[in-house]
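Take a look at the structure set out below.
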Amino acid sequence: MKHPGSFADARRDVAFPMTGAALLAAVLIVGGAVYSAAGGATADKLVTAMLIDAIMVVGLQIYIGNTGVFSFGHIGFAAVAGYAFAVLAIEPARKSTVIRNAPWGLNEVHLTPVQATAVASLVTLAAAVVVGWGLARSGAKSGSVSAAVITLALLFVTHELALNWTDLTGGDRAGLSFRIGNTLEGRTVIYAVLVAVIVVARLFAQSRIGRLAQAAREDNLAARAMGVNPVAGQVAALLLSVLVVAVAASLRVYDIGNITPKFFFFDYTLLTLVMLIVGGRNSVTGALSGVVIITAGRELTRRFASDGFEFFGASLDAPVVDWLLREGLTQIFLGAAMLGFMILRTNGLLGDWELDTWLWRRWRRRKPEERPEPLAEIAPVGLHVEVDREGAALEVHDLAVDFGGFRALDGAGLTVAPDEVVGLIGPNGAGKTTLVNVITGVVAPSAGWFKVGERELTSAPSHDIARAGLVRTFQNLRLFGALTVHQNVELAARVAAQHRPGNHPPVDALIAEAGLWDVRGRRARELDYGSARRLELARAAAMAPAYLLLDEPTSGMSDAESAEMIGRIRHMAAAVDAGVLVIDHDLNFITGISDRIYVLDQGQVISAGTPDEVQADPAVRAAYLGAESDAEGRA
Amino acid sequence: MLDIDGLTVRYGSISAVRGVSLSVPGGEVVGLIGPNGAGKTTLLNTVAGLLHPASGHVRLDGTDTTGYAPDRLLRLGVALVPEHRRLFTDLTVVENLRVGAATLPGRERSVMLDEIADLFEVLRHKWTTPAGYLSGGEAQQLAIARALMSRPRLLMMDEPSLGLAPVLVDVVFELIDQLRAQGRTLLVVEQNAARMLEVSDRAYVLRSGEMVASGSGAELARRSDLFETFVGSVVGDTEDAGP
Amino acid sequence: MTELAQNVIDGLGRGSIYALLALGIAVIFGVMHLLNFAHGELITVSGYVAYWVFSAGLNWYWIAPLVVLVSVGTALAIEQVAFRWVRGAADFTMLLTSFGVHFVVQAVFFMYVSASVRNFDRPRWITNTFDVGPVTIEVFDVVVVAVTALTLAATAAVLLRTMFGLSLRAAAEDFDAARLMGVKSDRVIRGAFALSGVLAGIAAIFWLMRAGQTTPSAGITPMLKGVLAALIGGLGSLRGAVLGGLLLGLAEVLLRSRLPDGIAGLTDGVVFVLIALLFIFRPGGLITVSRAERV
């Protein structure tokens, strides 16, 4: 069995991301140093704040960017970490004036800043485990409103606690503060953390689990159909991002020297979210650009507000301008930035453009690469899966499905032998897609069961069914749009390497076989329709499935393209040693590809047999043309 | 009454309808048949103003109505019974009918309700039942009745027999017959080709977004190659110029 | 028993206002899938109008109708300036757009109107109470409950009896099908905003009468309560929103009087925890409007 790590391209997934991360950090650090050297104490403060915000926003990006689940609660986590840090790190003599009755004798505790950060991170991670469980339980996915509500609740609960648990937090009035001079000095620590955090964020995005999370972000249903359990990626991303946020929060408190309830609340949530959204939430480069743009924009508006408007030496000193530009302008700037980007450029300035990926592509282009041999040339020699599939037939029995009174399936059943290509046809509304939805765990049947070999899969979740070897494609194409052609196929291969026994088809050969070699670096959403269809097939084949379930693989294709798909599907299936169940309404295509055919009408199998038998069956004719015996006589 | 000229409709990179032309003369029942994915629904949705064509024209009595919004087309007399009926299931039968008359002045609405009540006896008994509780046949009748509420001159129906038991399919086709007898103009998309051809004055066959055959209902019904057209054979030499 | 009766009455008074806010939010979510975090701005704007009118020497008989008018106008203006450009966008894009509106409006008031608290007199009868047996009832609560009941009845009549109401309900269920029936999308969306403005205006009157003051961020709390109540009710459901508002009001009052003294101040926090739990176990809200996922 191949090791999952064997898919990692050390340059693409490690070396380049680390280089790119170092470059990004260097730009921020050097740029910041130059600005503070020129601008004195105010500029110094501004740059420090920006660098800490950068760490915080990258922390948010790790979760929101990779999973697509929007969290309003990360600043709530920051509040937990910030208070934990302050309570632990402030010297007892000072904090005892505010929180003399702190629980568990915490007013006597005094840790070093590093120890305090470590403990604060652990406490925050514990909170993240609870919230992560809640999010998983609620079925959070990209863009889900329930996740927004749960995380918003977290933000408010921490705020309420900060306000009311005065024994620990000092409440609204006093807050907790370090003695002046006892705070963070110099920026070396911030620099080190910033570099580390950007590197970690990029490595995570390129890692196996990061890719799985992104796949679920792009298309939750398709990811599950490829054997991905979305919860795993989400939980990993959440824990990592909360860890980063906790460290950033500790730094922020230590730098400024105090914490009050409003320190990590709505305003800071808005600020960090706008930074993330404006730059582009799906990329670390985007998140960091957002931090710079918003910091600069805020500083400019703040100056307009306090100093009036000066432009190339010409100042506008009209009272109207003074009246217009004043304190509060920065808030308007933030709100307007959010509004403007939502209306005009939802995915932010950079979308999902990533510095190191761009560098890597340029580097790759210089180096000519040999086109791999398509599967047709390699197969079947080295590719046959080693497991014994003897008798591992796909059996479907008596399925029934009701959609609010409409019976979509009414006792349908079929069997597919391990190396067979079986067609399933029927007119519109016959229940073909519903049948595939049932046997891939998308729709629960009200009666009936199905199994592969001895393994009953009737009530298994989608990703377990996929791992058991039933892998599907979708009628309406569900690719991971932001991922490249190569990444789409590779992702399935990675899941297969971990969960499917036996040998697996090489990713490059599958891409070549599907005729996609020249576009392998392109994002899936940029493909033309025919290529997208072939990619979906290659991605399914990369799972090394026991059975490929193809839902209308030729819909939207011309007759010539459909005819060409016959050879492609048969090749691909033979090479990965999979049985095939293919749905289509096109009898010509189905008879061309299938060994046996089932005909479905009104949720029941009305005919089954070889292509010739089915074509000659009057019941099939009636189902298609809709007439009973007289149509038969006429034809 | 309705003339479609060189209509092409795209979803992203897919052309669902490619250069289709057809015409529906006043007072006739025109059938539009073809297999799944042929582009029939797309065609009707475009005529009804839900989709915008990439090229081509839709004309109503000579006026170019391409790109008109649905409510404007309704005022001009074009109504659509959408695929899968799309009833407002939380609304009662009579409320569904009222929404169907959204473009009529208030007084005419009650007149139309009386007319519809006469035409659809089944519905009259269920006036205050939420549409979600209707049986399949009743629901389809309501969908058609709802579209009739706007007094359309051209009524389009998308797969009115879909998902209905055979007995109820009869009811739908009887209704089409009845509407034809009243002299209404109908453009009907149907998979149930044989039955549709029986009631059509003329019909068009669509496949993979292109028009592959046309003729009177009776002519097409005699064509032995129709079954192949439906289930997938490539139609080449049977192309018919049409009227 | 007496205490419970007292709680229920207080809770109904509080919950009525939440119900009005939640209904407005649910109406808009129904037609365009926008979870409107800018709903509270209607109360912010109304608050300043109340203050100005009061400063001009007019009393609540003038303020009340003006507040409703201004609230409707503001709702329509916000739709025109911001939301019409994101119609049909992803749910989350619209949600963040409403956040943007919220922050811009708040900042504009902060900058150009006043950052400090503005006070105005509350009607004199507002603190009056009367006793029914052992239970003390505030006149204000009675007025709130009665006016809310009337408002809800009128809203129900509009939704059930008028062509606009029918169109709105139809569009909330299936926007495209409603368009096919001749319902104009512009008209129904603007109508929904106007209706939400009326409901928020009435809620604003009560809110301001009780508070007697306003600030640029006065809208946040009522907005949150309204959003939460609408979420409890299942967002799309209008009945659910009203029910959610009443439940939220009752829950707050009950928690505040029953929680031990030390953590009574945490009532809002506990309510948030309860709502988070609700969403963890029933992501669709209490009254689930289920729509099958199309594959």
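Springs join every pair of Cα atoms under 10 Å in this Gaussian network model of chain B, and among B:186, B:123, B:197 the largest mean-square fluctuation is at B:123. Result for chain B in a Gaussian network model with C-alpha springs under 10 Å: among B:133, B:204, B:68, the largest mean-square fluctuation is at B:133. Normalised by the number of residues in region A:383-634, the average gap of Cα pairs under 8 Å and 6 or more apart makes the relative contact order 27 percent. Residues whose amide H comes within less than 5 Å of that of residue A:604, counting only those at least five positions distant or on another chain, are A:410 (H built at 1.01 Å from N in the peptide plane). Note on region C:1-127: Kirkwood hydrodynamic radius from all Cα pairs is 16.7 Å, rounded to one decimal. Pairs from the table (A:141/B:40; B:40/B:126; A:432/B:40) lying more than 30 angstrom apart at Cα are A:141/B:40; B:40/B:126. If amide H atoms are built 1.01 Å from N in the plane of the peptide, which residues on other chains or at least 5 residues away come under 5 Å of the amide H of residue B:92? Here the answer is B:131, since their amide H atoms fall under 5 Å of that of residue B:92. Just the number, please: Stokes-Einstein D of region A:9-135 in µm²/s, Kirkwood Rh from C-alpha pairs, 10 °C, 1.306 mPa s. Stokes-Einstein gives a translational diffusion coefficient of 90 µm²/s. Could you work out the longest stretch of chain A that avoids the trypsin sites (Lys or Arg not before Pro) located in DSSP loops with at most 15 other Cβ atoms within 10 Å? Between exposed loop sites, the widest span is A:346-521. Mean residue ellipticity, 222 nm, helices only, the protein assembly as shown: the sum of -39500 (n - 2.57) across DSSP H runs of n ≥ 4, divided by residue count and rounded to 500, is -18000 deg cm²/dmol. Within the shell defined by Cβ-Cβ distances under 12 Å, the residues around residue A:62 carry a net charge of +2, with Lys and Arg each +1 and Asp and Glu each -1. Solvent exposure of region C:26-118, expressed per residue, is 35 Å² of accessible area, with all protein chains present and a 1.4 angstrom probe.
Quick one: Debye curve from the C-alpha atoms of chain B, no solvent, what's log10 I(q)/I(0) at q = 0.13, 0.17 Å⁻¹? Evaluating at q = 0.13, 0.17 Å⁻¹ gives log10 I(q)/I(0) of -0.78, -1.30. Residues of region B:141-172 with an amide N closer than 19 Å to a point placed 7 Å from the Cα of residue B:109 along the Cα-to-Cβ direction: B:142-152.
Residue-normalised convex hull volume from the C-alpha trace of region A:182-287: 113 Å³ per residue.
Residues considered: B:12, B:39, B:67. Largest GNM mean-square fluctuation over chain B, using C-alpha springs under 10 Å, is found at B:12. Heavy atoms of chains B and C lose about 1900 Å² of accessible surface on contact, summed over both sides with a 1.4 Å probe. One equal scatterer on each Cα of chain A, no solvent, Debye formula: the resulting log10 I(q)/I(0) at q = 0.06, 0.10 Å⁻¹ is -0.43, -0.94.
When the Cα atoms of region A:383-634 are enclosed in a convex hull and the volume is divided per residue, what value in Å³ results?
122 Å³
DSSP beta bridges fully contained in the protein assembly as shown are about 60 percent antiparallel. Averaging the sequence gap over all C-alpha pairs within less than 8 Å and six or more residues apart, then dividing by the number of residues, gives chain A a relative contact order of 15 percent. Rg/Rh for region A:4-356 stands at 0.98; both radii use Cα atoms, and Rh follows the Kirkwood definition. Taking amide H positions as modeled 1.01 Å from N, with prolines and chain starts lacking one, the residues under 5 Å from residue B:207 and 5 or more places away or on another chain are B:212.
Note on chain A: antiparallel DSSP beta bridges, both residues inside, total approximately 60 percent of the bridges counted. With both labels modelled 7 Å from their Cα along Cα-to-Cβ, the residue A:182 to residue A:106 distance reads 1.6 nm. Our compactness index for the protein assembly as shown, the C-alpha radius of gyration over the empirical 2.2 N^0.38 Å, is 1.02.
Within chain B, helices built from complete DSSP H runs that reach 15 Å or longer along their own axis (Cα positions) and carry a mean Kyte-Doolittle hydropathy of -1.0 or higher are B:106-119, B:136-148, B:166-181.
The values are calculated or read from the model by the stated rules, or taken from the named source; none is laboratory data. What you see is a predicted model; the values in this text were computed from it and never measured. A quick note on method: Cβ atoms are made from the backbone with ideal geometry, for glycine too, and the neighbour counts reach across all protein chains shown. Accessible surface areas use protein heavy atoms only, side chains included; no ligands, DNA or RNA. Shrake-Rupley method; radii C 1.70, N 1.55, O 1.52, S 1.80 Å.
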